[in-house]
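As structure tokens, the structure follows; a few thoughts come after it.
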Amino acid sequence: MRIPVIAGNWKLYKTIGESVAMVNELKPLVAGIEGVEIVVAPVFTALGSVSAALSGSAICVSGQDCFWEEEGAFTGEVSPKLLKDAGCSHVIIGHSERRLYFGESDDSVNRKVRAAISAGLTAIVCVGETLEERDARATFTVVGKQIRGSLDGFSADDFKQIVIAYEPVWAIGTGKTATAEQAQDVHEYIRNLVLMLSGNSVSDSLRILYGGSVKPDNIKGLMAQPDIDGALIGGASLKAATFAEMIRICV
């Protein structure tokens, strides 16, 4: 059985103090919940403080991005080693906002995933199509290209530290959400593609999350789909009560 992952991507929101207050409010709301992996992804500056606040809890901490080099003359970058040092167990890689605004490519995603795995982090690898690509019926072509490029060359052991998040770009922050059936179609395609590329054991155990305007009123239907193993949640993860409600719905 694949343990579902419910991850909150806080993007460029919350100061250190606000981030710590958020997780201190969240902890008692999800205490004792089993059968789900809970992850929060604060801004870089809050990672250490949030990790300290969550010490002893079951809530995991994730970076929102990383660089592929361990150290060096790379001003402004953060390596997986530093994320691990700050208390992270996960890192989000290849989010559509990184691809759109910061030139992220499948090749750079691949290098970052490899570095994250080497540092002992779980990589949450994002893929997804734009509205124009969906309207052109190119969803599978686009997502397939991203999967092949971003995850080329990884072994079955590597995939134990990889989670895929399907995030249709047209549904991120727009209030639009893929129907449960639309999301399932793409998740099934991803699982079948991984089966073809990496074999049955990898595809059966791989967790594939849905992201894109996930809210309390739609998460239950999404989670009922056979190939959806959790959610990467944006805005709805910024309030502890709402995030906790969505976690409870999934168990």
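Against the numbered list (1) exposed (fewer than 15 other Cβ atoms within 10 Å of the Cβ); (2) in a helix (DSSP H, G or I), Thr174 comes up short only at (2). Within the set Glu37, Glu71, Glu77, Glu25, the sole residue that is free of Cβ contacts under 8 Å to residues at least 24 places away in the same chain, surrounded by 14 or more Cβ atoms within 10 Å (Cβ to Cβ) and not hydrophobic (A, V, I, L, M, F, W, C) turns out to be Glu77. The number of residues in region 197-246 being of a type in the set (A, V, I, L, M, F, W, C), touching a strand residue (DSSP E or B) at 6+ places or on another chain (Cβ under 6 Å) and part of a loop (DSSP other than H, G, I, E, B) comes to 2.
Looking at Gly32, is it of a type in the set (Gly, Ala, Ser) and either surrounded by fewer than 18 Cβ atoms within 10 Å (Cβ to Cβ) or at pLDDT below 95 (or both)? Yes; evaluated as a whole, the condition is true for this residue. Filtering region 19-77 to residues that are within 22 Å of Glu245 (Cα to Cα), among the aliphatic types (A, V, I, L, M) and assigned to a loop (DSSP other than H, G, I, E, B) leaves Ala31, Ile33, Val36, Leu54, Ala58.
If the condition is being under 25 Å from Gln184 (Cα atoms), in a loop (DSSP other than H, G, I, E, B) and of a type outside the set (D, E, K, R), then region 107-143 contributes Gly128, Thr130, Ala136, Ala138. Which residue pairs have Cβ atoms under 8 Å apart, sit 6 or more places apart or on different chains, and have a first residue in region 105-128 that is at positive phi and a second that is crowded, with 20+ Cβ neighbours inside 10 Å and among the small types (Gly, Ala, Ser)? Within 8 Å, the pairs are Gly128/Ser96; Gly128/Gly211; Gly128/Gly212. All of Tyr166, Tyr189 fail the test of being among the aromatic types (Phe, Trp, Tyr) and under 23 Å from Val43 (Cα atoms), apart from Tyr166.
Take region 1-17 and flag every residue that is out of contact with any strand residue (DSSP E or B) (no Cβ under 7 Å at 6 or more places or on another chain) and touching a residue at least 12 places away in the same chain (Cβ under 8 Å). Spell out how you get there, then give the answer.
Step one: list which residues in region 1-17 are out of contact with any strand residue (DSSP E or B) (no Cβ under 7 Å at 6 or more places or on another chain), which gives 1, 11-17.
Matches in region 1-17: Lys11, Leu12, Tyr13, Lys14, Thr15, Ile16.
The values are calculated or read from the model by the stated rules, or taken from the named source; none is laboratory data. As the structure is a prediction and not an experimental result, all values here were calculated from the model. Every residue, glycine among them, receives a Cβ derived from its backbone with ideal geometry; neighbour counts consider all protein chains shown.
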